[in-house]
Amino acid sequence: MKILCATDFSPRARAAGQVAVDLARLTSGSIELLHVVAPPPADVIALAADAGLFQEEVRQNAEVRLATEARALAAAGPPVTARIDVGDVEITIHERARAIGADLVVMGANGRSAIGRLVLGSGADRTVRRAERPVLIVPEGVESLTKAGNGVHRLQVTVALDGRSASGGALDFVRALRKHVACDVTVLRLYWPIEEYARLGLAGPRDLFTGDPAVEADLQRTLAQQVGVLPGAGKVTFAIEAVWGDPAWAVLERARSHEASLVVMGAESRRGLARLAHPAVSNRVARHAAGVPIVFAPPTPATPASGVAAEVPGIFTVLAPTDLSPAGNRAVPYAYALLAGHGGVVELCHVHERALPTPPYAYDRPQGKLDAEGRRRLEAELRALVPRDAEARGITTHVTVIDGGEAATAIRQAAERLAGDAIVLGTHGRGGAHRALLGSVSAEVMRRAGRPVFIVPTPKEEVT
């Protein structure tokens, strides 16, 4: 691992140097120790006749201190080089990281110092937002990553995921780290219960202050798919917990309870690392991370610059909702067609629309609820739609009747619960004013489903 370690010669910067040494030794990597001399303000240059001489003295003094620190770091084993640049601190750090192809930038957290502003965002230049490298912040209370006298210390890494695209960068960093050194990884997923109830369409009375088995089962499945098989040695465990209050404190609390050597979080910005995916949460984590070093890792682009996916996506679970009308039923065979070549699962479902209470997770409303006979009748109608050769093609069918809610919303929520890779549904083909008045379930699902939606139109001669 090639590490760029920025120093301003403060105690926190020296601790950051020790952390950089630990990582370089564990990963058989190297370190470049960088000090940036800020140019004097224009008014100082104008007033001081010997401003150039003064600046040269500052540089020479920095060179002596930098050489001393570089020798101390090199004495611990890894190759260390030293460099001094003049310019804006944040911009210069990231330009140098890009120039040498650094895998990681390491720096101390010094409150509102220039280096600290890089992460805390108080006045950092816009150019900093173009940064593309993971940044490790070494806060108060951290002097190294390894325990004294323990040459084979296994890192305890907590990777905090939030279900957003920025999380991919955190996992990529952990994968790269585990290729070099054994790490026990705790995958931490905190969730806000109300948000998850709405996403999954969970109804009926629920305990808001304890973990919800339905939510956690869904998140466990999603995390397992997202994480996959991590390379290298070490355990991988999942920690899924409901959280109320400040999620930043919750991340740090859980990391400390897991005795984490390192916390890894995703970072995201339209222009780089400086604008984090959740500024309030990430900033508070950075500010309050005493005793726990944090890596903020930018997301890895999912596709190349051409916009073409690097791999052909797989479709293995297809949600096939139908209102049991001719138009809705006509779409069902196309769900099976998507899986005909390799097999998979078709989640065949029908939404029995009725009003639910607000919020639906607080209590139940029996009005209009299906009785056992009504549910059996609808399930039988759904099973009659399964193609005769589905099983022979390796396609399994699950039949579900969703009792309550609006069709478009219930379909989207079912796709989340059932982890559908795609949705196939029919449209009644209504257009113009008729569509504007009645609305379109298929159009609403397309707009908000967050996954591929295949629409099977009604033949023109059947459109009314």
- request: For residue 179 paired with residue 246, estimate the spin-label separation in nm (one decimal), with each label point 7 Å from Cα along the Cα-to-Cβ line.
  value: 3.7
task: Please compute the net charge surrounding residue 343, taking Lys and Arg as +1 and Asp and Glu as -1 over other residues with Cβ under 15 Å from its Cβ.
output: -3
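Bear in mind that the values in this text are calculations on the coordinates, not laboratory data. Nothing here was measured: the structure is a model prediction, and the numbers come from that model. As a convention, Cβ positions derive from the backbone with ideal geometry for all residues, glycine included, and neighbour counts pool all protein chains shown.
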